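*Asks:* There's a structure below that I have some questions on.
The values are calculated or read from the model by the stated rules, or taken from the named source; none is laboratory data. Predicted model, so just to flag it, every value in this text is computed and none were measured. With ideal geometry, Cβ positions are generated from the backbone for all residues, glycine too; neighbour counts draw on all protein chains shown. Note: areas computed on protein heavy atoms with side chains; ligands, DNA, RNA excluded. Shrake-Rupley method; radii C 1.70, N 1.55, O 1.52, S 1.80 Å.
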Amino acid sequence: MEATPARARAYVVCVVAGALWCLLPLPTVHTPWWAVALLAALYAGCEQVARRRFAGTFYPVLLAAAFLLPPPAAALVPLPGALFSRVEQGSPWLRRGWRAAQLALGVWAAARVHWALGGRNAVVASDFPYALVPALAAVLAFCLVLTVLDGGILALAERMPVRRAWGGLFLRSLAPIGVHGLAGLMMAVLWRSPYGPVAALLVLLPMGVSWWVFAQYHQERAAHQATIRALVQAVDIKDGYTRGHSERVGQASMMIARELGMDDSRVEVLRFAGILHDVGKLGVPTRLLRKDGPLTPEERRVIELHPEYGHEMVRGIGFLGEARAAVLHHHERLDGSGYPYGLLGSQIPESARVVAVADAFDAMTSTRSYRRARPVSVALEELSRCAGTQFDPLMVRALARALGRCGWHPAVTADEVQSSIVFPPGPPVSTVLRG
């Protein structure tokens with residue numbers, strides 16, 4: 001929350017106040033302080049290991065506290081781990097206070113729901129399958145509180161539209177938190193068993209294994225992204241006039257996808273599609289990519305092979321999904337006059353229609369060696385003029401809405417642009433992209 005807006009700081013203060021309100025009944029509640037201290041220390045230790053070795057937050061101990069302790073006492077458990085966690089950027093105490101308050105409210109809500117449904121007696125008596133009902137309700141309450149608060153801070157601190165801030169947050173977090181909830185319920189039942197808290201700690205072993213597997217997935221994902229970066233850097237080195245173009249097309253594709261309401265996994269795939277759309281230029285002779293004058297028909301035919309080259313390069317990368325189709329078809333046109341296959345209208349994959357608009361937009365709004373960048377408004381007018389023949393009107397309108405809300409700040413992509421150079425008027429959008 002670096003440079004956090006005042007309204008977001010006020011929101012954090014309100015959440016902290018809510019967490020403190022949840023702790024007010026503590027003096028009147030019978031609290032097993034030894035259990036609170038043990039669970040708090042256990043959570044703090046697990047959280048440190050999870051953040052350094054794996055990824056995310058370790059919820060089983062928190063949910064076990066919600067199943068074992070009165071709500072005000074349960075709300076104390078996350079505080080030490082959150083307040084003394086490592087913060088690498090931004091305002092440390094603002095971030096720590098926010099995280100501590102958010103988790104305290106989540107655990108308090110889960111404990112209230114669990115106790116209201118008679119979950120405490122079910123845990124003590126190991127009454128299965130009935131014990132699952134209040135536990136499930138508590139997990140839902142915990143998940144709902146976290147997602148509502150997360151959506152609020154995204155909307156205020158990141159100035160994200162409300163629909164996008166909350167869209168899909170609950171469903172995305174429900175499955176992982178549900179798994180943690182089952183582990184927390186097992187901890188609580190074993191804690192109340194004749195074997196005591198020591199047996200409850202055994203539940204953390206399989207959770208540690210599952211987190212190790214999760215960490216391996218993230219490492220593999222990081223390797224994939226490093227591969228993509230290497231490919232993009234190779235294209236940028238080869239085609240110096242469009243340096244940075246791939247990243248900006250990825251950003252514009254992501255903006256369009258979000259505006260269309262796509263889920264986060266598809267948004268990420270569309271970002272990859274935009275970044276990799278020109279990777280096939282690695283198979284095109286460098287002299288053609290850097291040629292200053294007009295291309296001959298034969299040279300243009302060679303450059304027009306780059307979508308197929310790119311598709312061959314990425315088709316074996318499974319995680320790219322529909323991004324591979326975008327690499328192959330991003331130069332198709334709705335009227336069928338595009339390449340490489342002359343597809344018509346809806347025959348063109350949706351991902352390719354998104355990238356086509358993002359690609360043309362960045363090409364028009366970026367300065368090249370042969371022309372000056374066009375203003376965003378002029379580029380949008382040109383895209384609108386060509387909507388229905390070259391571009392999908394739905395994608396053009398989505399980009400216009402996203403730009404109206406977030407703006408666009410294109411960078412100079414040529415190696416050097418001297419202010420003394422006189423640029424001719426820009427060509428039509430249909431010819432603004434060489435290949």
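*Asks:* Checking the structure you have, find out if any residue of region 78-91 is at pLDDT 90 or above and either open to solvent by 10 Å² or more (accessible area, probe 1.4 Å) or touching an Asp or Glu at 6+ places or on another chain (Cβ under 6 Å) (or both).
*Replies:* yes
*Asks:* What are the residues in region 65-121 that are of a type in the set (Phe, Trp, Tyr) and within 17 Å of residue 33 (Cα to Cα), if any?
*Replies:* The answer is 67, 108.
*Asks:* Let me ask something else about it. Tell me, please, whether a residue that is surrounded by fewer than 16 Cβ atoms within 10 Å (Cβ to Cβ), within 30 Å of residue 220 (Cα to Cα) and among the hydrophobic types (A, V, I, L, M, F, W, C) can be found in region 339-346.
*Replies:* Checked against the condition, which is being surrounded by fewer than 16 Cβ atoms within 10 Å (Cβ to Cβ), within 30 Å of residue 220 (Cα to Cα) and among the hydrophobic types (A, V, I, L, M, F, W, C), region 339-346 yields no hits at all.
*Asks:* Turning to a different aspect of this structure: How about region 111-183: which helices (runs of 4 or more DSSP H) wholly inside it have at least 3 residues that are in contact with a Ser or Thr (Cβ under 9 Å, 6 or more places away or on another chain), open to solvent by 70 Å² or more (accessible area, probe 1.4 Å) and under 24 Å from residue 73 (Cβ atoms)?
*Replies:* By residue number, no helices (runs of 4 or more DSSP H) qualify.
*Asks:* A follow-up question, please. Using beta carbons and a limit of 6 Å, which pairs, at least six apart or on different chains, have the first residue in region 160-171 and over 13 Å from residue 405 (Cβ atoms) and of a type outside the set (A, V, I, L, M) and the second one open to solvent by less than 90 Å² (accessible area, probe 1.4 Å) and at pLDDT 70 or above?
*Replies:* These pairs meet every condition: 166/151; 168/263; 170/147.
*Asks:* Please tell me if residue 234 is surrounded by fewer than 19 Cβ atoms within 10 Å (Cβ to Cβ), in contact with a Leu (Cβ under 7 Å, 6 or more places away or on another chain) and farther than 17 Å from residue 366 by Cα.
*Replies:* Against the criterion (surrounded by fewer than 19 Cβ atoms within 10 Å (Cβ to Cβ), in contact with a Leu (Cβ under 7 Å, 6 or more places away or on another chain) and farther than 17 Å from residue 366 by Cα), residue 234 qualifies.
*Asks:* Which residue, of 69, 63, 24, is open to solvent by 10 Å² or more (accessible area, probe 1.4 Å), of a type in the set (A, V, I, L, M), at pLDDT 85 or above and over 16 Å from residue 149 (Cα atoms)?
*Replies:* On inspection, the qualifying residue turns out to be 24.
*Asks:* Any chance region 45-58 includes a residue that's part of a helix (DSSP H, G or I), at pLDDT below 90 and touching a Pro at 6+ places or on another chain (Cβ under 9 Å)?
*Replies:* The answer is yes; a qualifying residue exists.
*Asks:* Quick check: anything in region 366-385 crowded, with 22+ Cβ neighbours inside 10 Å, of a type outside the set (A, V, I, L, M), closer than 18 Å to residue 250 by Cα and at pLDDT below 95?
*Replies:* Checked region 366-385: at least one residue is crowded, with 22+ Cβ neighbours inside 10 Å, of a type outside the set (A, V, I, L, M), closer than 18 Å to residue 250 by Cα and at pLDDT below 95.
*Asks:* What single numbered condition from (1) over 30 Å from residue 221 (Cα atoms); (2) modelled with pLDDT of 90 or more; (3) surrounded by 14 or more Cβ atoms within 10 Å (Cβ to Cβ); (4) within 32 Å of the chain's Cα centre (by Cα) fails to hold for residue 336?
*Replies:* Here residue 336 clears every test but (4).
*Asks:* Taking interchain pairs and intrachain pairs at least six residues apart, which have beta carbon atoms under 6 angstrom, with the first residue in region 123-151 and in contact (Cβ under 8 Å) with a residue 60 or more places away in the chain and closer than 24 Å to residue 197 by Cα and the second open to solvent by 70 Å² or more (accessible area, probe 1.4 Å) and among the basic types (Lys, Arg)?
*Replies:* 123/192; 124/192
*Asks:* Which ones in region 3-32 are more than 21 Å from residue 96 (Cβ to Cβ) and without any contact (Cβ under 8 Å) to a residue 40 or more places away in the chain?
*Replies:* Residues satisfying the conditions are 27, 28.
*Asks:* Oh, and also: Taking region 271-292 only, how many residues are of a type in the set (A, V, I, L, M, F, W, C) and under 32 Å from the mean Cα position of the chain (by Cα)?
*Replies:* The qualifying residues number 6.
*Asks:* Looking only at region 27-44, count every residue that is open to solvent by less than 30 Å² (accessible area, probe 1.4 Å) and either in a helix (DSSP H, G or I) or acidic (Asp, Glu) (or both) and tell me the total.
*Replies:* 6
*Asks:* Looking at (1) surrounded by fewer than 24 Cβ atoms within 10 Å (Cβ to Cβ); (2) modelled with pLDDT of 95 or more, can you tell me which one residue 108 breaks?
*Replies:* Of (1) surrounded by fewer than 24 Cβ atoms within 10 Å (Cβ to Cβ); (2) modelled with pLDDT of 95 or more, only one is false for residue 108: (1).
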